[in-house]
Amino acid sequence: MFGLPNLSEIKGNVEHGVSEFKYMQKENGLKQRNFQMAMQMAAARDRVQWMGAAYGTVATAITLRLIAKKPVPGIVAVPMFVVGTVLAYQYDFAYGTKFERVRAEAEKIMHEEDHWFMKDVMNTVPVPPVRDDADK
């Protein structure tokens, strides 16, 4: 008639459920990480637009002052250089390949170097569950 499931069946179902849960958590974590990276890139692009507008305004004011033959203090060159360098860095991050270069360096550190902060992480990465045809 109706038999009770045996202990190995229950154990298998629980293990499969735990494995499935770990996989879903990893998947959700990856989605969240990707969203956070997209937000960082969007914020960098917004920062570039604001900094570029401010830098362009100041550069235009200096140019107009030079055209009008009015003196421009030499000390103005220092912040223009510094802000220009920061703007170029932000532009490379937002629109260039800086993000990919940083990610590649991080992967290199994770896989090729031995640091204290990597010891626990490498042992706790969940593995996707094995699914049979009945789960599909």
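The values are calculated or read from the model by the stated rules, or taken from the named source; none is laboratory data. All values derive from a computational prediction rather than experimental measurement. Positions of Cβ are generated from backbone atoms using ideal geometry, with glycine treated the same way; all protein chains shown enter the neighbour counts.
Just for region 97-127: of the residues that are over 12 Å from the mean Cα position of the chain (by Cα), over 17 Å from LEU30 (Cβ atoms) and of a type in the set (A, V, I, L, M, F, W, C), which one is modelled with the highest pLDDT?
Narrowing region 97-127 to residues over 12 Å from the mean Cα position of the chain (by Cα): 97, 105, 107-127.
With the extra rule that they be over 17 Å from LEU30 (Cβ atoms), the set shrinks to 97, 105, 108-109, 111-120, 123.
After this cut, where a residue has to be of a type in the set (A, V, I, L, M, F, W, C) as well, the list is 109, 116-118.
Values: ILE109: 86, TRP116: 76, PHE117: 73, MET118: 70.
Residue satisfying both the conditions and the ranking: ILE109.
In region 55-83, what count of residues is obtained for those that are out of contact with any helix residue (DSSP H, G or I) (no Cβ under 8 Å at 6 or more places or on another chain) and within 30 Å of THR97 (Cα to Cα)?
8
Just checking, does region 69-83 include any residue being of a type in the set (Lys, Arg) and part of a helix (DSSP H, G or I)? Break it down stepwise before answering.
Taking region 69-83 and keeping what is of a type in the set (Lys, Arg), we get 69-70.
Remaining after also requiring part of a helix (DSSP H, G or I): none.
Within region 69-83, not a single residue is of a type in the set (Lys, Arg) and part of a helix (DSSP H, G or I).
Going by the conditions given, is LYS98 among the basic types (Lys, Arg) and farther than 30 Å from ALA38 by Cα?
Values: among the basic types (Lys, Arg): yes; farther than 30 Å from ALA38 by Cα: no.
No.
From ALA61, ALA94, ALA88, grab the single residue that is surrounded by 11 or more Cβ atoms within 10 Å (Cβ to Cβ), under 32 Å from the mean Cα position of the chain (by Cα) and free of Cβ contacts under 8 Å to residues at least 12 places away in the same chain. Spell out the reasoning first.
Values: ALA61 fails: under 32 Å from the mean Cα position of the chain (by Cα); ALA94 fails: free of Cβ contacts under 8 Å to residues at least 12 places away in the same chain.
Step by step, each of ALA61, ALA94, ALA88 is checked, and only ALA88 is surrounded by 11 or more Cβ atoms within 10 Å (Cβ to Cβ), under 32 Å from the mean Cα position of the chain (by Cα) and free of Cβ contacts under 8 Å to residues at least 12 places away in the same chain.
Out of ALA61, ALA104, ALA94, I need the residue that is touching a Lys or Arg at 6+ places or on another chain (Cβ under 8 Å) and in a helix (DSSP H, G or I). Which one?
On the way: ALA61 fails: touching a Lys or Arg at 6+ places or on another chain (Cβ under 8 Å); ALA104 fails: touching a Lys or Arg at 6+ places or on another chain (Cβ under 8 Å).
Within the list ALA61, ALA104, ALA94, the selection yields ALA94.
Cβ-Cβ distance below 6 Å, separation of 6 or more or different chains: which pairs start in region 13-28 with a residue that is in a helix (DSSP H, G or I) and end on one that is surrounded by 14 or more Cβ atoms within 10 Å (Cβ to Cβ)?
Short answer, once both residue conditions are applied: SER19/PRO129; GLU20/PRO129; LYS22/PRO126; TYR23/PRO129; LYS26/PRO126.
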